[in-house]
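Since the structure comes first, as structure tokens, the remarks are kept for the end.
Read the figures in this text as sums done on the coordinates, not as results from a lab. All of these numbers come straight from a predicted model, not from anything done at the bench. Methodologically, a virtual Cβ is constructed for each residue, glycine included, from the backbone with ideal geometry; neighbour enumeration extends over all protein chains shown.
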Amino acid sequence: MVKDMICFDDVSYCYSRTKRWVLRKINLSIKQGEFIAVMGANGSGKSTLCQCINGIIPHSLSGTLRGKVTVAGLDTQETTVAELSRHVGVVLEDPETQIFTHSIEEETAFGPENLQLPAAEIKERIEWALNVVGLWHRVKDSPLALSGGQKQRLIIATALVMQPEILVLDEPTSQLDPIGTREVFEVIYKIRGMHSMTIVMATHKSEEIAEYADKICVINNGRIVAFDSPHVIFEQFDLLKDNWIRPPQVSELSRRMSEKGLPMSRHPIILDEAEQAIYQLFKNKETFS
């Protein structure tokens, strides 16, 4: 039986500076190896939910936390951020804020060195992590020489080198071009497949989420309003509109074709599905014409 890696049990959170509940009675279970996308409008609570997983809330941010968050079997209120970091890797929106050293090798070594791991093990972990993200050949280069997508892949490597069970990514591709975005998603999917890592990503990238995620958690004003597969979520156009979520382009195409009297049997959410659905649609029309 696949175990739960992350559990929110009736969780609410209020920042002390705002006096407003930004999470409201969140109940959520995420299983080992799942890729969960957290989507919703800006200010809906996506980043706050991510900060509850890595322990930044309640340990580093002032506020009131109610309920219980359990991560890898640990109660986050009773576990230090340092201990949680052994289980949860974190990737933020701007890679520049997570780069501190002068070489890719030094950057990747930073975490394991703080754990005082043996030098041979650190070297082995660095080579493994950089190979996974496709940057081993740049190991001696400066992080400043990397493109935006490569910098974000480096930050993923610095998380991987700690060998966490969970990877939390907060808008990791919002500052990247389409090529950089695709690079990051492909690396994340590769990691998940190789190591059954649990992935939680706050994002607005509908096309990529349609292709890679197992489930989408939609948050509105601090509450979970939907939690289901990409197919189920992206077929609910009113839900998407209410939560400022852009549907995948092929889903929007399908909706408009349906309005013009050309309904598909099911709204596609990725390009391959759209190609098959359009082919079948016109094949059927030829058959009955």
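Selection among 119, 71, 22 by position relative to the dipole of the range 1-138 gives 22 as farthest towards the positive end (Cβ unit charges, Cα centre). Full extension of the chain segment joining residue 60 with residue 42 gains 4.3 nm, where the gain is 0.36 nm per residue of separation less the Cα-Cα distance. Between the residues 38, 258, 61, the greatest Cα displacement towards the positive end of the dipole of the chain, with unit charges on the Cβ of Lys, Arg, Asp and Glu, is found for 258.
Each Lys or Arg adds one and each Asp or Glu subtracts one; over the other residues with Cβ under 12 Å from the Cβ of residue 213, this totals -3. The chymotrypsin sites (Phe, Trp or Tyr not before Pro) of the range 13-60 include none that meets both criteria, a DSSP state outside H, G, I, E and B (loop) and at most 14 other C-beta atoms within 10 angstrom of the site's C-beta.
Residue separation of residue 32 and residue 15 scaled by 0.36 nm, minus their Cα-Cα distance, works out to 3.2 nm of gained length. Using θ = phi - 60° in the Karplus curve 6.51 cos²θ - 1.76 cosθ + 1.60, the 3J(HN,Hα) couplings for the range 65-70 round to 10, 10, x, 9, 10, 10 Hz; x is entered for Gly and Pro. Magnitude of the charge dipole for the chain, about its Cα centre and with charges confined to Cβ atoms of Lys, Arg (+1) and Asp, Glu (-1), is about 840 debye.
A straight Cα-to-Cα reach below 23 Å connects residue 3 with the lysines 25, 31, 68, 190, 215, residues fewer than 8 places away in its own chain not being considered. Between 48, 18, 173, the Gaussian network model of the chain with springs among Cα atoms under 10 angstrom shows the greatest mean-square fluctuation at 18. Of the trypsin sites (Lys or Arg not before Pro) found in the range 115-184, those that fall in a DSSP loop while having at most 12 other beta-carbon atoms within 10 Å are 140.
Using the Karplus relation 6.51 cos²θ - 1.76 cosθ + 1.60 with θ = phi - 60°, the per-residue 3J(HN,Hα) values for the range 76-81 come to 5, 6, 10, 10, 5, 4 Hz, with x marking Gly and Pro.
Applied to the range 43-56, the Karplus parametrisation 6.51 cos²θ - 1.76 cosθ + 1.60 on θ = phi - 60° returns per-residue 3J(HN,Hα) values of x, 7, x, 4, 5, 4, 4, 4, 5, 5, 6, 8, x, 4 Hz, with x for Gly and Pro.
Electrostatic bookkeeping for residue 135 treats Lys and Arg as +1 and Asp and Glu as -1; over the other residues with beta carbon under 12 Å from its beta carbon, the sum is -1. Taking a ≥ b ≥ c as the square roots of the Cα gyration tensor eigenvalues, with a/c under 1.5 meaning rounded and otherwise prolate when a/b beats b/c, else oblate, which class fits the range 4-230? Verdict is prolate for the range 4-230. Using only the Cα atoms of the range 248-289, build the gyration tensor, take square roots of its eigenvalues as a ≥ b ≥ c, and label the shape rounded, prolate or oblate: rounded if a/c is under 1.5, else prolate if a/b is larger than b/c, else oblate. The shape class here is oblate. In the chain, what percentage of the DSSP-assigned beta bridges are antiparallel, given to the nearest 5? Within the chain, antiparallel bridges account for around 55 percent of the total.
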